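Below is one structure, written out as structure tokens, with a few remarks after it.
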Amino acid sequence: MSALSASNSINHSQLALVAFFFLSFAIFLYFLKKINDKTKQLSRQNQLLLAIQELDRVILTKSVTSIDILAQEVVDLAQEKLGYFFVTIALVDSSVNGIRRVAISKTPGLENIRQILHLPINQQIVPFGTIDNLFIKAINDHKSYSSPQLFDIHRGVFSQAVSDQVQKTLRIRGVFVYPLIANNKAFGVIAYGSGKYEKDFTQFDVSIMKDFAAEVSRFLDHVLLYQNLKETSRKLAIANERLKIIDQLKDDFVSIASHELRTPMTAIRSYAWMALHKADVPLSEKLQKYLVRVLLSTERLINLVNDMLNVSRIESGRIEINPEAVDLHALIKDIIDELYFSKSQEKQIQFVVLEKQVPKAFGDPEKLRQVFLNLVGNSLKFTPNGGKIIFDFFSDGQIVEVSVSDTGVGISKEDLSRLFHKFSRLDNSYTAAATSGGTGLGLYISKNLIELMHGRIWASSEGAGKGTTFTVALPVATKDRIDHASEYAVKPKEGEAKPLEPVAVV
């Protein structure tokens, strides 16, 4: 019994040892498989990182901006680095109402297939209406799709027979389609073709395709944005050139038409004046009234022609600005002397100059004379009989301001911003109060001239019936500015400078 017991004891020990050995071996194999899976996973992850790194390199080093060429770089990179049988990219193309393939990887063997398909890549278009095509589904649903059938990405382009022949020849067992999305908008798809069935793909394999698609979205979105900006810039450049041509034609027309109009208008004015003042026969009161109207209307047309010529010359850069030190007190007094007997006495308007010591301004005296004649002419027009026009001066050492204030009809706050625009006559009492018409160009011309002299001009009014103040601000004529006056000068863009037509205060 003791020998038998000893024998049984040995057998149990051996069995336990064998069981322990097999258990240990099984655990070893389990962990070995885990390590192997992890190694494969790390290897695939490393492939993805290398592919993404290569994508970034393409972005930084490639000067080509053609989306088709860069898409080809991407699919070749994916096929080489990630090991898929083929990779293809298709982009939304609204001009063909579908999704157009732009690239497919240069996988060995695909050249023969292209000959079977008889359709170049860039002509393989899936219409938007082909809703069963996985490209369209991925675009519409913003989600990925997979299928064992190659025809599911060929629907609407090739017949099933042709697609099945291609799949059989290439031994493709699965296609995986991912949308390319940027700013919540799908602009294309990337599709991977594999010799493996979908069931053979691990979750990690799927995440590799998804992550690479996200990187491709980022990459191509930047390229498309740059391409769109470049195309927009090209179109804008063409439009700008056309606008320049149209603008030049407009300037030429205005200049020619104005010159052609001024000659007969001057003749009409002269004959009307002669008929009114030098007639050799007595004129009836009615006829005199008609001749006065002809004379005034002709004067207004001539003024309009002059203003149009001035606008044309300013806008086309055909005038010059020669700044120097200008005594604004003296300039204003000269203008008052010129207008006092010719205009202000007719309406019994009083000119008031506030004597304040200010430094000389830096500007073109001829152009400043034009500006202040416009401003004073405005005040004369819109100030009723017995009113005042007051000239005030201010300086802070950097700029000199001259304000021209009147006791006229004033301007509403809503209309102030419209004053300095071309043809900006106001449909209110400010315009209605004028005893003679205006072109609506005088203030526009004044603003452009002052800005060419690096100054500012603006208007202020407390409202209807409270008068208006126009203020001109110019740089002080410092020694440095005077010594470098040529640097502030404005010369004509081409040809000789044209003088401005004189301002007529009516």
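The values are calculated or read from the model by the stated rules, or taken from the named source; none is laboratory data. Predicted model only: the values in this text are computed from it and were never measured. For neighbour counting, all protein chains shown are included, and Cβ atoms are generated from backbone atoms with ideal geometry for every residue, glycine included. Heavy atoms of the whole protein, side chains included, go into the accessibility calculation; ligands, DNA and RNA do not. Shrake-Rupley method; radii C 1.70, N 1.55, O 1.52, S 1.80 Å.
Among the residues of segment 470-489, the ones that are buried (at least 17 other Cβ atoms within 10 Å of the Cβ) and more than 12 Å from A361 (Cα to Cα) come to 3 in all. Restricting attention to segment 95-150, the residues that are open to solvent by 30 Å² or more (accessible area, probe 1.4 Å), touching a residue at least 40 places away in the same chain (Cβ under 8 Å) and part of a strand (DSSP E or B) total 1.
Among the residues of segment 303-312, is there at least one that is over 20 Å from L452 (Cβ atoms), in a helix (DSSP H, G or I) and not hydrophobic (A, V, I, L, M, F, W, C)? Scanning segment 303-312 turns up at least one residue that is over 20 Å from L452 (Cβ atoms), in a helix (DSSP H, G or I) and not hydrophobic (A, V, I, L, M, F, W, C).
All of F372, F394 fail the test of being open to solvent by less than 10 Å² (accessible area, probe 1.4 Å), touching a residue at least 24 places away in the same chain (Cβ under 8 Å) and not aliphatic (A, V, I, L, M), apart from F372.
What's the total number of residues in segment 163-211 that are part of a helix (DSSP H, G or I) and touching a strand residue (DSSP E or B) at 6+ places or on another chain (Cβ under 7 Å)?
Result for segment 163-211: 3.
Scanning segment 323-353 for residues that are closer than 22 Å to A485 by Cβ and buried (at least 16 other Cβ atoms within 10 Å of the Cβ) turns up P323, E324, A325, V326, L328, H329, L331. If you go through segment 274-322 and keep only what is open to solvent by less than 20 Å² (accessible area, probe 1.4 Å) and touching a strand residue (DSSP E or B) at 6+ places or on another chain (Cβ under 7 Å), you end up with just I321. Only residues in segment 234-256 that are in a helix (DSSP H, G or I) count as the first member; pair them with residues that are among the β-branched types (V, I, T), Cβ under 8 angstrom, at least 6 apart or cross-chain, and list the lot. Correct list of pairs: V254/V311.
The number of residues in segment 186-211 being closer than 21 Å to E80 by Cα, at pLDDT 85 or above and open to solvent by less than 30 Å² (accessible area, probe 1.4 Å) comes to 8. Annotation for segment 151-162: at least one member residue is of a type in the set (D, E, K, R), crowded, with 18+ Cβ neighbours inside 10 Å and part of a helix (DSSP H, G or I).
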